[in-house]
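Chemist: Can you read through this structure? Questions will come right after.
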Amino acid sequence: MLTPEQRVPGGDQDASVYWRDVVYGPERLENYWNDRGAHRTELVRAIVDTCPDADSALEVGCHVGTNLRLLARAWPWAIFYGCDINGEAIAYGQERFLELGLPPVFLERASIHSYVGAQRKADVVFSCYALAYTAPADLPGALQGLLAAAQRAVVIAEPMLVDTAWPTAELVNPLPEWRHNYAGLLARLGYGDRLVIRELEAPTTRINAILTASMA
(Lines give C-alpha, C1' and ligand atoms only; values in the text may rest on other atoms or scores of the structure.)
Protein backbone atom coordinates (compact mmCIF):
# COMPACT_ATOMS: atom_id res chain seq x y z
CA MET A 1 0.00 0.00 0.00
CA LEU A 2 1.19 3.51 -0.86
CA THR A 3 -0.28 6.74 0.44
CA PRO A 4 -1.25 9.74 -1.74
CA GLU A 5 1.90 11.51 -0.56
CA GLN A 6 4.11 8.86 -2.14
CA ARG A 7 5.18 8.84 -5.78
CA VAL A 8 6.77 6.43 -8.18
CA PRO A 9 9.85 7.99 -9.84
CA GLY A 10 8.51 10.09 -12.69
CA GLY A 11 4.94 9.48 -11.51
CA ASP A 12 2.10 10.95 -13.51
CA GLN A 13 4.48 12.54 -16.02
CA ASP A 14 5.82 9.15 -17.10
CA ALA A 15 2.31 7.82 -17.75
CA SER A 16 1.41 10.94 -19.74
CA VAL A 17 4.51 10.62 -21.90
CA TYR A 18 3.82 6.93 -22.53
CA TRP A 19 0.19 7.44 -23.62
CA ARG A 20 1.09 10.55 -25.63
CA ASP A 21 3.72 8.74 -27.67
CA VAL A 22 2.27 5.24 -28.04
CA VAL A 23 1.46 4.30 -31.66
CA TYR A 24 -1.68 2.18 -32.09
CA GLY A 25 -2.11 1.67 -35.82
CA PRO A 26 -5.44 1.35 -37.71
CA GLU A 27 -6.34 -2.15 -36.50
CA ARG A 28 -5.98 -1.40 -32.79
CA LEU A 29 -7.80 1.91 -33.16
CA GLU A 30 -10.72 0.17 -34.88
CA ASN A 31 -10.82 -2.42 -32.10
CA TYR A 32 -11.07 0.37 -29.52
CA TRP A 33 -13.79 2.10 -31.54
CA ASN A 34 -15.89 -1.07 -31.78
CA ASP A 35 -15.35 -2.22 -28.20
CA ARG A 36 -18.57 -2.88 -26.30
CA GLY A 37 -17.16 -4.20 -23.04
CA ALA A 38 -19.53 -4.65 -20.13
CA HIS A 39 -17.92 -1.76 -18.27
CA ARG A 40 -18.88 0.60 -21.10
CA THR A 41 -22.49 -0.55 -21.02
CA GLU A 42 -22.59 -0.06 -17.24
CA LEU A 43 -20.95 3.36 -17.56
CA VAL A 44 -23.51 4.61 -20.08
CA ARG A 45 -26.33 3.23 -17.93
CA ALA A 46 -24.98 5.01 -14.85
CA ILE A 47 -24.68 8.31 -16.73
CA VAL A 48 -28.16 8.12 -18.25
CA ASP A 49 -29.75 7.03 -14.96
CA THR A 50 -28.10 9.96 -13.18
CA CYS A 51 -29.04 12.63 -15.74
CA PRO A 52 -31.60 11.24 -18.21
CA ASP A 53 -32.24 14.65 -19.80
CA ALA A 54 -28.70 16.02 -19.90
CA ASP A 55 -27.76 18.29 -22.79
CA SER A 56 -24.00 17.78 -22.72
CA ALA A 57 -21.26 15.42 -21.59
CA LEU A 58 -17.48 15.65 -21.37
CA GLU A 59 -15.10 12.71 -21.14
CA VAL A 60 -11.51 13.10 -19.99
CA GLY A 61 -9.14 10.54 -21.46
CA CYS A 62 -11.65 9.64 -24.18
CA HIS A 63 -9.17 7.91 -26.55
CA VAL A 64 -11.08 7.42 -29.87
CA GLY A 65 -14.40 8.37 -28.26
CA THR A 66 -15.99 4.92 -27.87
CA ASN A 67 -17.93 5.87 -24.74
CA LEU A 68 -19.08 9.14 -26.32
CA ARG A 69 -20.31 7.20 -29.36
CA LEU A 70 -22.38 4.89 -27.16
CA LEU A 71 -23.70 7.79 -25.11
CA ALA A 72 -24.65 9.70 -28.25
CA ARG A 73 -27.06 6.88 -29.12
CA ALA A 74 -28.86 7.49 -25.82
CA TRP A 75 -28.78 11.30 -26.07
CA PRO A 76 -29.15 12.20 -29.77
CA TRP A 77 -29.99 15.79 -28.81
CA ALA A 78 -26.84 16.41 -26.75
CA ILE A 79 -23.41 17.93 -27.38
CA PHE A 80 -20.32 15.91 -26.51
CA TYR A 81 -16.75 16.86 -25.67
CA GLY A 82 -13.68 14.72 -25.15
CA CYS A 83 -9.96 15.05 -24.64
CA ASP A 84 -7.07 12.63 -24.86
CA ILE A 85 -3.33 13.10 -24.83
CA ASN A 86 -2.80 10.78 -27.82
CA GLY A 87 -3.12 12.62 -31.12
CA GLU A 88 -3.51 9.46 -33.21
CA ALA A 89 -6.54 8.34 -31.19
CA ILE A 90 -8.15 11.79 -31.35
CA ALA A 91 -7.68 12.07 -35.12
CA TYR A 92 -9.21 8.63 -35.65
CA GLY A 93 -12.22 9.48 -33.48
CA GLN A 94 -12.79 12.80 -35.22
CA GLU A 95 -12.85 11.05 -38.59
CA ARG A 96 -15.25 8.33 -37.46
CA PHE A 97 -17.71 10.73 -35.87
CA LEU A 98 -17.81 12.75 -39.08
CA GLU A 99 -18.53 9.58 -41.06
CA LEU A 100 -21.41 8.58 -38.80
CA GLY A 101 -23.00 12.02 -38.69
CA LEU A 102 -23.72 11.65 -34.97
CA PRO A 103 -24.63 14.61 -32.71
CA PRO A 104 -21.96 17.30 -32.31
CA VAL A 105 -18.85 15.65 -30.87
CA PHE A 106 -15.79 17.80 -30.27
CA LEU A 107 -12.56 15.92 -29.58
CA GLU A 108 -9.34 17.66 -28.67
CA ARG A 109 -5.79 16.52 -28.05
CA ALA A 110 -5.05 17.68 -24.51
CA SER A 111 -4.15 16.41 -21.08
CA ILE A 112 -6.81 16.06 -18.40
CA HIS A 113 -5.24 18.84 -16.37
CA SER A 114 -5.09 21.40 -19.18
CA TYR A 115 -8.48 20.49 -20.63
CA VAL A 116 -10.62 20.77 -17.51
CA GLY A 117 -8.62 23.79 -16.46
CA ALA A 118 -9.82 25.74 -19.51
CA GLN A 119 -13.21 26.62 -17.97
CA ARG A 120 -15.14 24.07 -20.01
CA LYS A 121 -18.55 23.06 -18.68
CA ALA A 122 -20.88 20.12 -19.29
CA ASP A 123 -23.84 18.60 -17.50
CA VAL A 124 -21.94 15.36 -16.94
CA VAL A 125 -18.17 15.00 -16.73
CA PHE A 126 -16.81 11.47 -16.67
CA SER A 127 -13.72 9.29 -16.88
CA CYS A 128 -13.20 5.67 -17.87
CA TYR A 129 -9.80 4.17 -17.09
CA ALA A 130 -8.07 7.55 -17.36
CA LEU A 131 -7.61 8.76 -13.79
CA ALA A 132 -5.88 5.46 -13.01
CA TYR A 133 -2.79 6.99 -14.62
CA THR A 134 -2.84 10.04 -12.35
CA ALA A 135 -0.39 9.89 -9.45
CA PRO A 136 -1.95 10.11 -5.96
CA ALA A 137 -0.36 13.48 -5.24
CA ASP A 138 -1.96 14.90 -8.42
CA LEU A 139 -5.39 13.31 -8.00
CA PRO A 140 -7.00 15.99 -5.79
CA GLY A 141 -6.29 18.64 -8.40
CA ALA A 142 -7.61 16.44 -11.21
CA LEU A 143 -10.83 15.67 -9.32
CA GLN A 144 -11.35 19.31 -8.43
CA GLY A 145 -11.03 20.13 -12.13
CA LEU A 146 -13.72 17.58 -13.01
CA LEU A 147 -16.00 18.88 -10.25
CA ALA A 148 -15.56 22.47 -11.44
CA ALA A 149 -16.44 21.49 -15.02
CA ALA A 150 -19.53 19.45 -14.08
CA GLN A 151 -22.87 21.21 -13.85
CA ARG A 152 -24.87 18.19 -12.67
CA ALA A 153 -22.68 15.12 -12.04
CA VAL A 154 -19.24 13.53 -12.17
CA VAL A 155 -19.12 9.84 -13.06
CA ILE A 156 -15.94 7.82 -12.50
CA ALA A 157 -15.45 4.33 -13.98
CA GLU A 158 -12.00 3.30 -12.83
CA PRO A 159 -10.13 0.65 -10.89
CA MET A 160 -10.90 1.82 -7.36
CA LEU A 161 -10.64 0.95 -3.71
CA VAL A 162 -14.06 0.55 -2.11
CA ASP A 163 -14.85 0.67 1.61
CA THR A 164 -11.32 1.51 2.66
CA ALA A 165 -10.03 4.12 5.06
CA TRP A 166 -8.45 7.31 3.78
CA PRO A 167 -5.67 7.84 2.84
CA THR A 168 -4.75 4.94 0.60
CA ALA A 169 -3.96 3.98 -2.96
CA GLU A 170 -2.57 0.86 -4.58
CA LEU A 171 0.02 0.71 -7.33
CA VAL A 172 -1.34 -1.70 -9.95
CA ASN A 173 1.68 -1.76 -12.24
CA PRO A 174 4.85 0.27 -12.74
CA LEU A 175 3.57 2.32 -15.71
CA PRO A 176 2.42 3.68 -13.17
CA GLU A 177 -1.26 2.78 -12.85
CA TRP A 178 -3.21 3.35 -9.65
CA ARG A 179 -6.28 2.05 -7.86
CA HIS A 180 -7.42 5.16 -5.98
CA ASN A 181 -9.85 5.72 -3.14
CA TYR A 182 -12.08 8.17 -5.02
CA ALA A 183 -14.92 8.01 -2.52
CA GLY A 184 -12.59 8.90 0.34
CA LEU A 185 -11.17 11.91 -1.46
CA LEU A 186 -14.55 13.14 -2.69
CA ALA A 187 -15.90 12.85 0.86
CA ARG A 188 -13.04 15.04 2.04
CA LEU A 189 -13.97 17.55 -0.66
CA GLY A 190 -17.51 17.75 0.74
CA TYR A 191 -19.35 15.30 -1.52
CA GLY A 192 -19.68 12.40 0.92
CA ASP A 193 -23.49 12.57 1.05
CA ARG A 194 -23.82 12.84 -2.75
CA LEU A 195 -21.99 9.66 -3.76
CA VAL A 196 -23.37 6.47 -5.30
CA ILE A 197 -21.07 3.51 -5.94
CA ARG A 198 -22.05 0.64 -8.24
CA GLU A 199 -19.74 -2.34 -7.93
CA LEU A 200 -19.47 -4.38 -11.13
CA GLU A 201 -20.31 -8.05 -10.57
CA ALA A 202 -18.12 -9.45 -13.34
CA PRO A 203 -15.63 -6.79 -14.44
CA THR A 204 -13.96 -7.48 -17.80
CA THR A 205 -11.15 -5.04 -17.01
CA ARG A 206 -9.62 -3.77 -13.78
CA ILE A 207 -12.57 -1.37 -13.55
CA ASN A 208 -14.45 -2.82 -10.58
CA ALA A 209 -16.90 -0.03 -9.76
CA ILE A 210 -18.57 3.12 -11.05
CA LEU A 211 -18.88 6.12 -8.75
CA THR A 212 -21.32 8.99 -9.27
CA ALA A 213 -21.07 12.34 -7.49
CA SER A 214 -24.05 14.68 -7.86
CA MET A 215 -23.46 18.42 -7.83
CA ALA A 216 -26.69 19.13 -5.90
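The values are calculated or read from the model by the stated rules, or taken from the named source; none is laboratory data. As the structure is a computational prediction, the values presented were derived from the model and not from experiment. As a convention, Cβ positions derive from the backbone with ideal geometry for all residues, glycine included, and neighbour counts pool all protein chains shown.
Chemist: Among the residues of region 204-216 satisfying the criterion of being out of contact with any helix residue (DSSP H, G or I) (no Cβ under 7 Å at 6 or more places or on another chain) and surrounded by fewer than 16 Cβ atoms within 10 Å (Cβ to Cβ), which is farthest from residue 152 (Cα to Cα)?
Modeler: Going through the qualifying residues, I end up with 206.
Chemist: Would you confirm whether any residue within region 21-43 is on the phi > 0 side of the Ramachandran plot and modelled with pLDDT of 85 or more?
Modeler: Just the residues of region 21-43 that are on the phi > 0 side of the Ramachandran plot, to begin with: 25.
Still in the list and also modelled with pLDDT of 85 or more: 25.
Yes.
Chemist: Pick from 183, 150: which is touching a residue at least 40 places away in the same chain (Cβ under 8 Å), of a type in the set (A, V, I, L, M, F, W, C) and buried (at least 16 other Cβ atoms within 10 Å of the Cβ)? Before the answer, list the steps.
Modeler: Details: 183 fails: touching a residue at least 40 places away in the same chain (Cβ under 8 Å).
Within the list 183, 150, the selection yields 150.
Chemist: Please state which of the following conditions residue 56 fails to meet, knowing it meets all the rest: (1) over 17 Å from residue 149 (Cα atoms); (2) out of contact with any His (no Cβ under 8 Å at 6 or more places or on another chain); (3) at pLDDT 95 or above.
Modeler: The failed condition is (1).
Chemist: Which condition does residue 161 not pass, out of (1) out of contact with any strand residue (DSSP E or B) (no Cβ under 8 Å at 6 or more places or on another chain); (2) over 15 Å from residue 62 (Cβ atoms), if it passes all the others?
Modeler: (1)
Chemist: Taking region 26-36, which residues are part of a helix (DSSP H, G or I) and either of a type in the set (Lys, Arg) or farther than 20 Å from residue 112 by Cα (or both)?
Modeler: Of everything in region 26-36, those that are part of a helix (DSSP H, G or I) and either of a type in the set (Lys, Arg) or farther than 20 Å from residue 112 by Cα (or both) turn out to be 26, 27, 28, 29, 30, 31, 33, 34.
Chemist: Tell me the strands (runs of 3 or more DSSP E) entirely within region 107-216 that contain at least 2 residues that are closer than 19 Å to residue 49 by Cα and modelled with pLDDT of 90 or more. Lay out the reasoning, then the answer.
Modeler: On the way: elements: 122-128, 150-158, 169-173, 177-180, 195-199, 209-214.
Ranges flagged: 122-128, 150-158, 195-199, 209-214.
Conditions tested, residue by residue: (1) touching an Asp or Glu at 6+ places or on another chain (Cβ under 6 Å); (2) touching a residue at least 12 places away in the same chain (Cβ under 8 Å); (3) buried (at least 19 other Cβ atoms within 10 Å of the Cβ); (4) among the basic types (Lys, Arg).
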| residue | (1), (2), (3), (4) |
| --- | --- |
| 40 | no, yes, yes, yes |
| 48 | no, yes, no, no |
| 58 | no, yes, yes, no |
| 89 | no, yes, yes, no |
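Chemist: Just checking, how many residues over region 37-90 are of a type in the set (A, V, I, L, M), touching a helix residue (DSSP H, G or I) at 6+ places or on another chain (Cβ under 9 Å) and in a helix (DSSP H, G or I)?
Modeler: Residues flagged as of a type in the set (A, V, I, L, M), touching a helix residue (DSSP H, G or I) at 6+ places or on another chain (Cβ under 9 Å) and in a helix (DSSP H, G or I) within region 37-90 amount to 10.
Chemist: Yes or no: region 185-203 includes at least one residue that is among the aromatic types (Phe, Trp, Tyr) and in contact with a helix residue (DSSP H, G or I) (Cβ under 6 Å, 6 or more places away or on another chain). Can you show your working first?
Modeler: We begin by selecting, within region 185-203, every residue among the aromatic types (Phe, Trp, Tyr); these are 191.
Imposing the further condition that a residue be in contact with a helix residue (DSSP H, G or I) (Cβ under 6 Å, 6 or more places away or on another chain) reduces the set to none.
The answer is no, given that none of the residues of region 185-203 is among the aromatic types (Phe, Trp, Tyr) and in contact with a helix residue (DSSP H, G or I) (Cβ under 6 Å, 6 or more places away or on another chain).
Chemist: Looking only at residues that are in contact with a Ser or Thr (Cβ under 7 Å, 6 or more places away or on another chain) and of a type in the set (Gly, Ala, Ser) in region 60-79, which one is surrounded by the fewest Cβ atoms within 10 Å (Cβ to Cβ)?
Modeler: 78
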